[in-house]
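Step one of this worksheet: look at the structure below.
The values are calculated or read from the model by the stated rules, or taken from the named source; none is laboratory data. Note that the coordinates shown come from a computational prediction; the quantities given were computed from them, not determined experimentally. Cβ sites come from the backbone with ideal geometry, for glycine too, and all protein chains shown count toward neighbours. Ligands, DNA and RNA are stripped out before the accessible areas are found, and what is left, the full protein with its side chains, is counted by its heavy atoms. Shrake-Rupley method; radii C 1.70, N 1.55, O 1.52, S 1.80 Å.
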Amino acid sequence: MASSPRAFILRHTRLGPVPGLEGIRLHLADEVLPLWHAVQVETGDPDAVLPYWAFAWAGGLAIGRYLREHPEAAAGRRVFDVGSGSGLCAIAALQAGAAEATAADIDPFASAAIELNARANGHRMTVVRRDVLDVEPPDVDVILAGDCWYDAHLAVRILPWLRSAQDRGIDVLIGDPGRRHLPTDELVKLASYEVRTTTELEDLELKQGWVYALRPADQIA
Ligand SMILES: C[S@@+](CC[C@H](N)C(=O)[O-])C[C@H]1O[C@@H](n2cnc3c(N)ncnc32)[C@H](O)[C@@H]1O
């Protein structure tokens, strides 16, 4: 890597507002392909993953809106944001009054982006840089999973992990715009929001983002 992830992010993004979540600012990119190419050059890895961390995804935006409407879901509670990307859901939880937040992502650029974004919003949080789906769910009160059903492999792994969290009494909130691997039969809709994203990522700039809870196991057909 030619420079630190932090320096790379500062060079390739702009700190700006998040549509629909006034008061939250993130280091975001305008265009995905040039940034993706820059990541590939920077890491020397032609297979480097998409820079998810440089965008506020529809699922995370829906969770952010839900926490604005229902701050009691996070207030005073220990929150864990899995697949955190930019840190958006963890930041929204802290703004809703969470007692503490942890943000987890496997991408080293995401860890750096989360730290930068937390600081830009005047928050502190713990950042976990490993694949948490290989270990037991953390000892927290709430787990947030924003836009994690875009990939079949991740979808298959995250659902049982979230279920085992729920079995331990942890609340689970899922935000998603209807990605192809979302297991809708296993979810209960809590709320829906029209969220503004970008046609760099989506077919439409305005998407419907849903917030779900997990359906209890004994209610799944
Ligand atoms: C589409 S992004 C969503 C980011 C953010 N939650 C949002 O809604 O804006 C999905 C994120 O999940 C992360 N991810 C993928 N597999 C993961 C894993 N096993 N553990 C933690 N994060 C993972 C990716 O690196 C990516 O940042």
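HN-Hα J couplings of the range 43-56 from phi, Karplus 6.51/-1.76/1.60, θ = phi - 60°, integer Hz, Gly and Pro as x?
The phi angles translate into 8, x, 10, x, 9, 3, 6, 3, x, 4, 5, 8, 9, 9 Hz.
Relative contact order of the range 94-201: what whole-number percent is it, with Cα pairs under 8 angstrom and at least 6 residues apart?
Values: 100 pairs, mean separation 23.3, N = 108.
The normalised contact order for the range 94-201 reaches 22 percent.
If you roll a 1.4 angstrom probe over the protein chains with everything in place, what fraction of the accessible area of the range 1-125 belongs to carbon and sulfur, to the nearest %?
Details: 2840 of 5270 Å².
C and S fraction of accessible area: 54 percent.
Which whole-number value in Å² is the accessible area per residue of the chain, probe 1.4 Å? Can you show the working numbers first?
Values: 10280 Å² over 221 residues.
Roughly 47 Å² per residue, with all protein chains present.
Got a number for carbon plus sulfur as a percent of the range 127-208's accessible area, 1.4 Å probe?
44
In what sequence, largest accessible area first, do 163, 11 appear using a 1.4 Å probe?
11, 163
Per-residue counts of other Cβ atoms within 10 Å, averaged by peptide: what ranking do you get for 14-21, 107-114, highest first?
107-114, 14-21
Regarding the range 1-59, what are the three Cα extents along the principal axes, ordered largest first, in Å?
The Cα atoms of the range 1-59 stretch 37, 22, 15 Å along their principal axes.
Report the Rg/Rh value for the chain, based on alpha-carbon coordinates and the Kirkwood definition of Rh. Numbers along the way, then the final one.
Numbers: Rg = 16.3 Å, Rh = 17.3 Å.
With Rg and the Kirkwood Rh in hand, the quotient comes to 0.94.
How much of the DSSP bridge set in the range 5-157 is antiparallel, in percent, rounded to the nearest 5? Display every interim value, and only then the final one.
Details: 5 of 17 bridges.
DSSP beta bridges in the range 5-157 are roughly 30 percent antiparallel.
For the range 143-170, list residues with backbone N below 14 Å from a point placed 7 Å from the Cα of residue 217 toward its Cβ?
Inside the label zone: 159-170.
Would you please give the FRET efficiency between residue 136 and residue 30, computed as 1/(1 + (r/R0)^6) with r the Cβ-Cβ distance and R0 = 41 Å, to the nearest 0.05? Don't jump to the answer; show the numbers that get you there.
Working: r = 39 Å, r/R0 = 0.96.
Efficiency for this residue pair is about 0.55.
State, to one decimal in nm, how far the label point of residue 202 lies from the label point of residue 47, with both points 7 Å from Cα in the Cβ direction.
Placing both labels 7 Å beyond Cα along the Cβ direction yields 3.0 nm.
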